[in-house]
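Just so it is clear, none of the values below were taken in a lab; they were calculated from the coordinates. All values reported here derive from a predicted model rather than from experimental measurement. Every residue, glycine as well, gets a Cβ built from its backbone with ideal geometry; the counts of neighbours run over all protein chains shown.
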Amino acid sequence: MTKTTSKNIRPTRAPNSPSSKDETPPKSRKPRTQRKPVEEKPAKPIAEVAISKQAQLAALLLRDEGATLDQMIALTGWLPHTTRSALTGLRKKGYSIDSDKVDGVRTYRAEAPQ
């Protein structure tokens, strides 16, 4: 027995009527395959471990002559605003960053945190 209240509403199913999902048999599953053992790779020597770009940037700034924005961009491959943002990140890590403008070129220098 179904009830309808308007033209666009589907008829409701009686609470004890079987659903179409109960009538279909369950699907059979494929058996699981064994996982292949993971080959352990030897640890990289310290000389081959990649240094982060931020660490490279800090090393560039710690030199006596410092670094210009163009030098930092060439080192990291970042855009200028990203490079300046990385300077802010270094400042938050405790580096003291100073800049001087000589002949229209700004040079940044840093002192390591103590």
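Some points to look at:
- The set of residues from segment 53-70 being exposed (fewer than 12 other Cβ atoms within 10 Å of the Cβ) and within 25 Å of the chain's Cα centre (by Cα) comprises just one member, ALA55.
- The set of residues in segment 75-105 being aliphatic (A, V, I, L, M) and exposed (fewer than 13 other Cβ atoms within 10 Å of the Cβ) consists of LEU79, VAL102, VAL105.
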